[in-house]
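The values are calculated or read from the model by the stated rules, or taken from the named source; none is laboratory data. It should be emphasised that the depicted structure is a prediction, and the values quoted were computed from it without experimental measurement. With ideal geometry, Cβ positions are generated from the backbone for all residues, glycine too; neighbour counts draw on all protein chains shown. Remember, those area values only see protein heavy atoms, side chains included, never the ligands or the DNA or RNA. Shrake-Rupley method; radii C 1.70, N 1.55, O 1.52, S 1.80 Å.
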Amino acid sequence: MLIISDLHVGASRKAGTTPASQAALTEHIHQNFEALINATDEDHIVINGDLFDGFEVPGTDLIRTFNVLDRWFMKSRQAQHLTLVAGNHDWNPRADKVSSFHLLAHFLKVRRGMAVDVIDHTRGLSRVSGDDRVWAIPHMPNQDLFDIELHRALDAAGEGDFLLLHANYDNNFAVEADHSLNVSKEAADLLISAGWTLILGHEHQYRVAPGIVIPGNQVPTSVADCLGCRSKHYLTLSGKETQLREWLNLEEDKVFTRLDW
């Protein structure tokens, strides 16, 4: 299983950009996303939130993303699965339209049927289709509802090994911000003690702690994504083992350069 997150396809930066640099950023995101999907030998891809940068992204971004994922299914494999977990950028509880995330999911499901699994706020805590080891909690409308799903996961401990979340870990600044949910250290410790290994999306810098794996984002879309780290990683699951694998070396791959002003 390949686990990636926070691709933020459709990202648009305003400050310090030109039309040419914005176009270059768009191409950078798409090229790296496509290369990452094409490079994997895994039969199951999980996108753990924030595939898109916003509730609505330009149609060209949606179409290119659909084409990459649809072509992945054309590889000659027996049992391929794609799991899309909704992140805070993919969906907005105040919106009265269909998000780009759900539109993409709809067309992929029409095209590929049961091979596509969509886990969003309407489902809450869910077993990831095709893999008994892995469960997921998507971004929920607010912290209280998210905490309810964490309690449900505690009750379900022992039914799976890995719990995917799209939230901050132990971030007091996010506690009262419903657009950016938080897993407290106390809640995480309870889940880990019960037997879960937590895999978090949403945070863009990778880090690991006992019982917790935060792969970070794979494709940097801002300077902030490049600070404090030398490389970007994706995560693979094999049995009960997790492995972080380097995807981009920021300086060697010329993604980020420090200039002496």
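Filter segment 26-55 down to the residues that are touching a residue at least 60 places away in the same chain (Cβ under 8 Å) and open to solvent by 30 Å² or more (accessible area, probe 1.4 Å) and list them by number.
Across segment 26-55, the qualifying residues are HIS28, GLU42, ASP53.
LEU62 fails exactly one of the following numbered conditions: (1) of a type outside the set (Phe, Trp, Tyr); (2) assigned to a helix (DSSP H, G or I); (3) open to solvent by 30 Å² or more (accessible area, probe 1.4 Å). What is the number of that condition?
LEU62 satisfies every listed condition except (3).
If GLY228 satisfies all but one of (1) assigned to a loop (DSSP other than H, G, I, E, B); (2) farther than 27 Å from ILE29 by Cα, what's the number of the condition it fails?
Here GLY228 meets the rest and fails (2).
Of everything in segment 1-32, what is in a loop (DSSP other than H, G, I, E, B), polar (S, T, N, Q) and in contact with a strand residue (DSSP E or B) (Cβ under 9 Å, 6 or more places away or on another chain)? Give them in sequence order.
Passing the criteria: only SER5.
Tell me, yes or no, whether segment 148-161 has at least one residue that is touching an Asp or Glu at 6+ places or on another chain (Cβ under 7 Å) and within 19 Å of ILE47 (Cβ to Cβ).
Yes, that holds for at least one residue.
Quick one: is ALA224 more than 15 Å from the chain's Cα centre (by Cα), open to solvent by less than 70 Å² (accessible area, probe 1.4 Å) and either among the hydrophobic types (A, V, I, L, M, F, W, C) or within 21 Å of ALA39 (Cα to Cα) (or both)?
The answer is yes for ALA224.
Hey, among the residues in segment 183-210 that are assigned to a strand (DSSP E or B) and modelled with pLDDT under 95, which one's nearest to PHE55 (Cα to Cα)?
Only one residue fits best here, namely ARG207.
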